[in-house]
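Engineer: Got a structure for you, questions after.
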Amino acid sequence: MGYLPGMWRDFAVAVAGLAGALVGLLFVAVSIKSDVLARSRSLSSRAAQTLVLFIMPAIATILIVAPQPGAALGAELLALSAASGTVLVILGRRGGYDAQSGVARYLERASPNAVTAVLFGVAGLTFLLKAGGGLYWMIPAVLAGLVGGVINAWLFLIKVPG
């Protein structure tokens, strides 16, 4: 079943809807604290990382429901992993640590950026190889991205002064 994208349609639709709702939550959290986030490069970079964590599962699940050859899906998941991992690393370096705010440190510890990107890559690679689990790796990848993003959004709401 891990190599039959059609069997994952309901999972993909549910995750895409959930990820979309969570992107909305993030925009609410960011808009409530927009003045503070605008003054902190670190916090604005962490907010962008959170957006990437929510968008990765949404894009991956859209790829699953799109009618296409299996090889294309595997390659697209690998490309998503590489692109999102690169963006997350750039945002992490750009953000650094804000000396005035310990919130960035909380976000760095709570956000599984690299783990999420790697898990999407493992899903794509094992799907292409037809060995090692295939789309079953989407479950921990999606959970890591969404849970990490929710923790980040929650920290923006409760930990960012303002």
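Engineer: Against the definition (over 18 Å from Leu37 (Cα atoms) and modelled with pLDDT of 85 or more), how does Gly134 come out, yes or no?
Structural biologist: Details: over 18 Å from Leu37 (Cα atoms): yes; modelled with pLDDT of 85 or more: yes.
The answer is yes for Gly134.
Engineer: Right, another one. In segment 108-162, what residues are part of a helix (DSSP H, G or I) and in contact with a Gly (Cβ under 6 Å, 6 or more places away or on another chain)?
Structural biologist: Thr116, Ala117, Gly124, Thr126, Phe127, Leu128, Gly134, Leu135, Tyr136, listed by residue number.
Engineer: To continue, here is another question. Restricting attention to helices (runs of 4 or more DSSP H) lying wholly within segment 1-69, give those where 1 or more residues are under 20 Å from Gly85 (Cα atoms). Please lay out each step first, then the result.
Structural biologist: Working: elements: 9-32, 34-39, 41-65.
The helices (runs of 4 or more DSSP H) meeting that bar are 9-32, 41-65.
Engineer: Something else: Could we say that Leu107 is hydrophobic (A, V, I, L, M, F, W, C) and either modelled with pLDDT of 90 or more or open to solvent by 60 Å² or more (accessible area, probe 1.4 Å) (or both) here?
Structural biologist: no
Engineer: Do we have any residue at all in segment 60-69 that's within 22 Å of Gly6 (Cβ to Cβ), open to solvent by 20 Å² or more (accessible area, probe 1.4 Å), in contact (Cβ under 8 Å) with a residue 24 or more places away in the chain and not polar (S, T, N, Q)?
Structural biologist: Here is the first cut: in segment 60-69, the residues within 22 Å of Gly6 (Cβ to Cβ) are 60-69.
Now drop any that are not open to solvent by 20 Å² or more (accessible area, probe 1.4 Å), which leaves 62-63, 65-69.
Filter once more, keeping what is in contact (Cβ under 8 Å) with a residue 24 or more places away in the chain: 62, 65.
This time we only want the ones that are not polar (S, T, N, Q), so: 62, 65.
Yes, segment 60-69 has at least one match.
Engineer: Scan segment 4-21 for residues that are among the charged types (D, E, K, R) and crowded, with 16+ Cβ neighbours inside 10 Å and jot them down.
Structural biologist: First, pick out the residues of segment 4-21 that are among the charged types (D, E, K, R): 9-10.
None; the set is empty.
Engineer: Given (1) open to solvent by less than 60 Å² (accessible area, probe 1.4 Å); (2) modelled with pLDDT under 95, where does Arg41 come up short, assuming only one miss?
Structural biologist: (1)
Engineer: Continuing with this model, one more query. Suppose we keep only residues that are of a type in the set (A, V, I, L, M, F, W, C) and buried (at least 19 other Cβ atoms within 10 Å of the Cβ) within segment 22-38. Which one would you say is farthest from Val142 (Cα to Cα)?
Structural biologist: Checking each candidate, the answer is Leu37.
Engineer: Give me the pairs, please: first residue somewhere in segment 134-160 and polar (S, T, N, Q), second residue anywhere and surrounded by 15 or more Cβ atoms within 10 Å (Cβ to Cβ) and part of a helix (DSSP H, G or I), beta-carbon distance under 6 Å, and either six or more positions apart or on two chains.
Structural biologist: From segment 134-160, the pairs are Asn152/Thr50; Asn152/Leu107.
Engineer: Right, here's the next one. May I ask you to say which residue of Val142, Val118 is closer than 16 Å to Leu63 by Cα, modelled with pLDDT of 80 or more and among the hydrophobic types (A, V, I, L, M, F, W, C)? Spell out how you get there, then give the answer.
Structural biologist: On the way: Val118 fails: closer than 16 Å to Leu63 by Cα.
Sole residue among the options that is closer than 16 Å to Leu63 by Cα, modelled with pLDDT of 80 or more and among the hydrophobic types (A, V, I, L, M, F, W, C): Val142.
The values are calculated or read from the model by the stated rules, or taken from the named source; none is laboratory data. Model, not experiment: these values are computed from the prediction. Quick reminder, even Gly has a Cβ in these numbers, built from the backbone with ideal geometry, and neighbours come from all protein chains shown. The area values use the complete protein model at the heavy-atom level, side chains included, leaving out ligands, DNA and RNA. Shrake-Rupley method; radii C 1.70, N 1.55, O 1.52, S 1.80 Å.
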